[in-house]
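Reviewing the structure listed below.
Values quoted throughout were computed directly from the atomic coordinates according to the rules given, and no laboratory measurement underlies them. Just so it is clear, the structure is predicted and the values come from calculations on it, not from any experiment. All Cβ positions, glycine included, derive from the backbone under ideal geometry; neighbour counts span all protein chains shown.
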Amino acid sequence: MEEVFRLDREYLAQTYKRLPVAFERGRGIFLWDLEGRRYLDFVSGVAVSVLGHADPELCGAISRQARRLIHMTNLVHIREQAELGRELAGIAPGRVGKFFFCNSGAESVEAALKLSVKHTGRKKIVVMENSFHGRTLGALSATWKPSYREPFKALLLPNFQFIPFNDLSSAEKAVDEETAAVMVEPIQGEGGVRVASREFLPGLRKLCLERGALLVLDEVQTGMGRTGRWFACEHWRVEPDIVTLAKGLAGGVPIGCTGATPEVMDSFKQGDHGATFGGNPLACSAALAVIRAIKRRKLVRRAERMGRYFMRALRELEEDHPCVEEVRGKGLMLGMELDQEERAEEVLLGALRRGFLINVTAGKVLRFLPPLVVEEAHIDALVSTLDELLRGRGG
Ligand SMILES: Cc1ncc(COP(=O)(O)O)c(C=O)c1O
């Protein structure tokens, strides 16, 4: 692996804080590094590999499509894209029923922002403190973290107003007749697995309706069954005007998607937006295979059940270890906030040495995003390792 680390340092932009490991292959929740050592993957490429690694059904769909037609321009009709639109309309929240395809979460946010402004003719976007919406300039303008924003301040858009997450009275003050949209993650992922309160999303929904603004839900991380519902907003029974989706949608083949109610999406006219790779046959076939696999194997229900099991085990750790400040999340999107960043880093590296890939976000929040196929035995193995690491027996 040392050779890979050396090439990385010499030839790659050093934008990522990478763990000292590189993987050769995977199967289900398991990964093998370049030296043949096995790991359990509780990150799933950050909520991407929903079916786990090398899923035979997904691999079959990808290879069949690759042999037929990998790419096709959006200057013609694309059968797989049309079919994916129909499939998504069947699972999307509320009246969301028309879709634009792109290649990433950030791009899906860009489309949502442009569509909001086009549909309403307004210019202000209300967003949340602790939000994360991506690194392109529009998405970054909506992203809270100062260290991500500051170096590029000169290029950020001025039209974004941040309000505290879960604070409806601030929203009441911020949303006005200039507001095109309120954009929010139902569970803030990068921001530290922070769950919207019971009142917040329904309150925003009502406020947006009253003031003529659109409600944009960023479900890039929470979508595709991750939280025990197809879309996290179902937990709050809230229906968005626009929803963004990416990560898990095609199980690892790059794809992004902006969905909207038909009357909102129809505000996009020919020439208003586009993406060369957006919704190409390969990505769409992969997404169709993922959706069908999730349905047939009932993985949304499974995410809810396993999530409950996982959450209970993490809560027991919370009781036993004073260094655990809070456990939160829904389904298989769980976070455990520790008392110190150094401890979170120690647990992260200790877990890796013991063959578990986990993640730390927002400094000191251990984040767990296993594939939806995770089993109780995998969770038990991680939890007993965490128990030892939190006791300070990192090894
Ligand atoms: C809620 C949310 N929105 C947008 C993004 C950006 O997605 P991408 O990295 O695919 O551009 C992320 C990525 O973590 C995310 O969690």
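Couple of notes before you dig in:
- Alpha carbon convex hull of the range 57-296, volume per residue in cubic angstrom: 120 Å³
- FRET E, pair Asn74, Glu177, Förster distance 51 Å, beta-carbon r, rounded to 0.05: 0.90
- Relative contact order for the chain: 22 percent, from Cα pairs under 8 Å spaced at least 6 residues apart, divided by residue count.
- Listed from fewest to most Cβ neighbours within 10 Å, the set Ile255, Ile62, Ile70, Ile242 follows the order Ile70, Ile62, Ile242, Ile255.
- Choice from Ala293, Ala246, Ala303 showing the highest fluctuation, given a GNM over the chain with Cα pairs closer than 10 Å: Ala293
- Cα lying deepest toward the dipole's positive end in the chain, options Val43, Leu201, Gly228, charges on Cβ: Gly228
- Cα gyration tensor, the range 1-157 - rounded (a/c under 1.5), prolate or oblate: oblate
- Principal axis analysis of the Cα atoms in the range 21-102 yields extents of 45, 34, 20 Å, listed in decreasing size.
- FRET efficiency, Asp339 to Arg198 (Cβ-Cβ, R0 25 Å, nearest 0.05): 0.40
- Per the Cα gyration tensor, the range 239-395 maps to an equivalent ellipsoid with semi-axes of 37, 17, 15 Å, ordered largest to smallest.
- Here the Gaussian network model covers the chain, with springs between Cα atoms less than 10 Å apart; of Pro164, Pro240, Pro370, Pro164 fluctuates the most.
- Selection among Met1, Ile29, Pro56 by position relative to the dipole of the chain gives Pro56 as farthest towards the positive end (Cβ unit charges, Cα centre).
- Top positive-direction residue, dipole computed over the chain with Cβ charges, set Pro262, Leu115, Met306: Pro262
- Counted by Cβ distance under 15 Å from Phe277, the other residues give a net charge of -3, where Lys and Arg count +1 and Asp and Glu count -1.
- Taken about its Cα centre, the chain carries a charge dipole of roughly 1180 debye when the Cβ of each Lys and Arg holds +1 and the Cβ of each Asp and Glu holds -1.
- Overall, the anisotropy analysis places the range 134-231 in the oblate class: the square-rooted eigenvalues a ≥ b ≥ c of its C-alpha gyration tensor yield a/c not less than 1.5, with a/b not exceeding b/c.
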